[in-house]
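The block underneath contains the structure these notes are about, expressed in structure tokens.
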Amino acid sequence: MEARQQGFLDSEPLREADEDLASEVNLNNYVMTDEEREEIQQELAKLEEEINTLRQVLLSKEKQHAELRQKLGITPLNELRTSFSRGWQDMQSSTAYKKTSETLSTAGQKTSAAFSTLGSAISRKFGDMRNSPSFKSFEEKVENTVSTIKTKVGGTGSGGSFEEVLSSAANASSQDTPTNNLTDSSERPC
């Protein structure tokens, strides 16, 4: 008995030939009669005819559907716009969109505040720099140099503030720029 059980419990893997044999086994040993075959073929033909009829009805309904939509002015582009609009509204009402929007708004406010603080700090630093003794000394040296140059060039040497001196120097340099429109007579072609 032990030998028989061992044969049942034998665990050899299936070989390809065993698989082919198993696939060829006809589990339905029922043999169909000619009458049954004819009856099934008639039923199949009837189903195919019904399917064709339903296809024709469906085509007719789709055509009618398209005509009614055309009369109402519903075009594929209008549908796309409506669909997009509806999708956009759905997205805006979603929790994720609202949270993201709030986060970006907060970030924008914080960034704006940071830039404002940075701008104030820079303005304050420039003001401090301008009031520093080293800048005042530099400003005086520039004013003295410009006054000296004006006096030597023939100006009255009125002095003035640093801004006035700079603007007058800028005006003088723009007016003193020579133009080379004149050509030497030897360079003219004959």
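The values are calculated or read from the model by the stated rules, or taken from the named source; none is laboratory data. This structure is a prediction, so every number in the text was calculated from the model and none was measured. Note that we place each Cβ from the backbone using ideal geometry, even for glycine, and neighbour counts take in every protein chain shown. These area figures cover heavy atoms from the full protein model, side chains too; ligands, DNA and RNA do not enter into them. Shrake-Rupley method; radii C 1.70, N 1.55, O 1.52, S 1.80 Å.
For K99, which lysines qualify as cross-link partners when the Cα separation must be under 19 Å and same-chain residues fewer than eight apart are set aside?
Once the sequence-local lysines are set aside, what remains near K99 is K110.
With r as the distance between the Cβ atoms of K125 and L166 and R0 = 22 Å, compute the FRET efficiency 1/(1 + (r/R0)^6) and round to 0.05.
E(calc), rounded to 0.05, equals 0.55.
Rounded to the nearest 0.05, what FRET efficiency do S94 and F115 have when you use their Cβ-Cβ distance and R0 = 22 Å? Could you put the intermediate results ahead of the total?
On the way: r = 31 Å, r/R0 = 1.40.
Here the calculated transfer efficiency is 0.10.
Taking only protein heavy atoms into account and a 1.4 Å probe, give the accessible area per residue of region 95-152 in Å².
Per residue, region 95-152 has an accessible area of 82 Å².
How many Å² of accessible area per residue for region 32-93, probe 1.4 Å? Numbers along the way, then the final one.
Details: 6050 Å² over 62 residues.
Result: 98 Å² per residue.
Please turn the phi angles of region 62-70 into ³J(HN,Hα) values with the Karplus equation 6.51 cos²θ - 1.76 cosθ + 1.60 (θ = phi - 60°), one per residue in order, whole Hz, x for glycine and proline.
5, 5, 4, 4, 5, 5, 5, 5, 5
Placing +1 at every Lys and Arg Cβ and -1 at every Asp and Glu Cβ, with all other atoms neutral, what dipole size does region 32-93 have around its Cα centre, in debye to the nearest 20?
Here the size comes out at about 1040 debye.
With +1 assigned to the C-beta of every Lys and Arg and -1 to the C-beta of every Asp and Glu, and no other charges, what is the dipole magnitude of region 95-152 about the Cα centre in debye, to the nearest 20?
With only Lys, Arg, Asp and Glu charged at Cβ, the dipole is about 80 debye.
Can you tell me the length gained on complete extension of the stretch S60 to E139, counting 0.36 nm per residue apart and subtracting the Cα distance?
19.1 nm is the gain from fully extending S60 to E139.
If you count only protein heavy atoms and use a 1.4 Å probe, how large is the accessible surface of K98, to the nearest 10 Å²?
110
What percentage of the solvent-accessible surface of region 56-140, computed with a 1.4 Å probe over protein heavy atoms, is contributed by carbon and sulfur atoms?
So the carbon and sulfur contribution to the accessible surface is 61 percent.
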